[in-house]
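K.L.:
Below you will find the structure I want to go over with you.
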Amino acid sequence: MLKMIRLAAVAAALLVALAAASQVARAQGQPAAPTAAPAPAAAPAPAAAPARATEVVENPYGLEALWKGGDIVARITLGILVVMSMGSWYVIITKVYEQTKMGAQARAAERAFWKAPSVRQGTEGLKSGSPFRFIAESGLEASGTHTGLLGNVDLNTWISMSIQRAIDNVNSRTQDGLAFLATVGSTAPFVGLFGTVWGIYHALTAIGIAGQASIDKVAGPVGEALIMTALGLAVAVPAVLGYNWLIRRNKVAMDQVRSFAADLHAVLLSAPKAPATAAARG
């Protein structure tokens, strides 16, 4: 009897286990019930891109800072360099214009003067203010005033002296301003060097007051010194180059003047002396 009860209990346990296993298998075989998908969250509005602000950083060691922070000595030195630079460029520009104009006058004299029937008519055909007209008028005046005490001087010598004086006068006018360029070219580096020495002096003073050689104490004065050096060179180099260039152009122009004067001298000596004699008698 007891054995029958045990068998019945085992059978019941097996039935319960089989039922549970079948339910589990059925649950695994069926697809899972779809769960409600959560509502999609609203996409955040794109944030406006911040405007890229351009940061302007003032240079504490530039020319403006040099002028504002420099003392009276630094400002005077800077002003001298500026005046030198402006004067140099003014001389260079004006001399180039004058030399170009002189070249055009030389070409005009070559075309028209020697084709005139007389020296006087050829002279009147030249433009007023032309160095070639000035030389021609000097030659005519010399040939017309060869009287009195001057008549004791040989005509060739007298005309040669008069024309040479006119050439020297023209040459002197072509040299105007070149002395300033030479002065600037030779002194501007030393003016800049003075500014450099003055800036180094301020740097040493700042170190002595602060008691330490930190970069923020010496950067300003050293930057001031370097700027002065650069300005001195920037003023001197164009002046030297312009001086040499203008000297070369003057040489070419004066060669044309001397050639014209030599030809004029020969023409005046070969001209008939009757007009001069009549003028002397009158």
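The values are calculated or read from the model by the stated rules, or taken from the named source; none is laboratory data. Here the structure is a predicted model, which means the values were calculated and not measured. Counting neighbours? That spans all protein chains shown, and the Cβs are built from the backbone with ideal geometry, glycine included.
K.L.:
Considering only segment 253-273, how many residues are touching a residue at least 24 places away in the same chain (Cβ under 8 Å) and under 42 Å from the mean Cα position of the chain (by Cα)?
P.N.:
Going through segment 253-273 one residue at a time, the tally reaches 7.
K.L.:
Check segment 86-96 and report whether any residue there is among the polar types (S, T, N, Q), closer than 23 Å to F180 by Cβ, modelled with pLDDT of 85 or more and surrounded by 12 or more Cβ atoms within 10 Å (Cβ to Cβ).
P.N.:
Step one: filter segment 86-96 for residues among the polar types (S, T, N, Q), giving 88, 94.
Applying the additional criterion that residues be closer than 23 Å to F180 by Cβ yields 88, 94.
Next, from what is left, pick out any that are modelled with pLDDT of 85 or more: 88, 94.
Next, from what is left, pick out any that are surrounded by 12 or more Cβ atoms within 10 Å (Cβ to Cβ): 88, 94.
Within segment 86-96, one or more residues are among the polar types (S, T, N, Q), closer than 23 Å to F180 by Cβ, modelled with pLDDT of 85 or more and surrounded by 12 or more Cβ atoms within 10 Å (Cβ to Cβ).
K.L.:
Turning to a different aspect of this structure: Can you tell me which condition K217 does not meet? The list is (1) modelled with pLDDT under 70; (2) surrounded by 13 or more Cβ atoms within 10 Å (Cβ to Cβ); (3) out of contact with any helix residue (DSSP H, G or I) (no Cβ under 7 Å at 6 or more places or on another chain), and all the others hold.
P.N.:
Just one mismatch for K217, condition (3).
K.L.:
Tell me whether segment 112-131 contains one or more residues that are under 30 Å from L241 (Cβ atoms) and touching a Ser or Thr at 6+ places or on another chain (Cβ under 9 Å).
P.N.:
Just the residues of segment 112-131 that are under 30 Å from L241 (Cβ atoms), to begin with: 129-131.
The next check asks that each one be touching a Ser or Thr at 6+ places or on another chain (Cβ under 9 Å); those that pass are 131.
So far as segment 112-131 goes, yes, one or more of its residues are under 30 Å from L241 (Cβ atoms) and touching a Ser or Thr at 6+ places or on another chain (Cβ under 9 Å).
K.L.:
Follow-up. Scan (1) within 13 Å of L268 (Cβ to Cβ); (2) in contact (Cβ under 8 Å) with a residue 40 or more places away in the chain; (3) of a type in the set (G, A, S) for the single condition S162 breaks and write down its number.
P.N.:
(2)
K.L.:
Also, quick follow-up: Can you tell me how many residues in segment 67-119 are over 23 Å from the mean Cα position of the chain (by Cα) and part of a helix (DSSP H, G or I)? Reasoning before the result, please.
P.N.:
Applying the first criterion (over 23 Å from the mean Cα position of the chain (by Cα)) to segment 67-119 yields 68-73, 101-119.
Okay, now just the ones that are also part of a helix (DSSP H, G or I), so 68-69, 72-73, 101-115, 119.
Here the count works out to 20.
K.L.:
I've got another one for you. Identify, please: which residue in segment 146-195 is more than 18 Å from P238 (Cα to Cα) and among the hydroxyl-bearing types (S, T, Y) and is, among those, modelled with the lowest pLDDT? Break it down into steps so the answer makes sense when it comes.
P.N.:
Taking segment 146-195 and keeping what is more than 18 Å from P238 (Cα to Cα), we get 146-174, 194-195.
After this cut, where a residue has to be among the hydroxyl-bearing types (S, T, Y) as well, the list is 147, 157, 160, 162, 172, 174.
Working: T147: 69, T157: 83, S160: 88, S162: 89, S172: 91, T174: 91.
It comes out as T147.
K.L.:
Given the conditions (1) aliphatic (A, V, I, L, M); (2) at pLDDT 85 or above; (3) surrounded by 16 or more Cβ atoms within 10 Å (Cβ to Cβ), which single one is not true for M228?
P.N.:
Exception for M228: condition (2).
K.L.:
May I pose another question? Here is a check on your reading of the model: is L126 farther than 27 Å from G185 by Cβ, of a type in the set (A, V, I, L, M) and either part of a loop (DSSP other than H, G, I, E, B) or modelled with pLDDT under 85 (or both)? So that I can check it myself, show each step before the final result.
P.N.:
Values: farther than 27 Å from G185 by Cβ: yes; of a type in the set (A, V, I, L, M): yes; either part of a loop (DSSP other than H, G, I, E, B) or modelled with pLDDT under 85 (or both): yes.
Judged against the criteria, L126 is a match.
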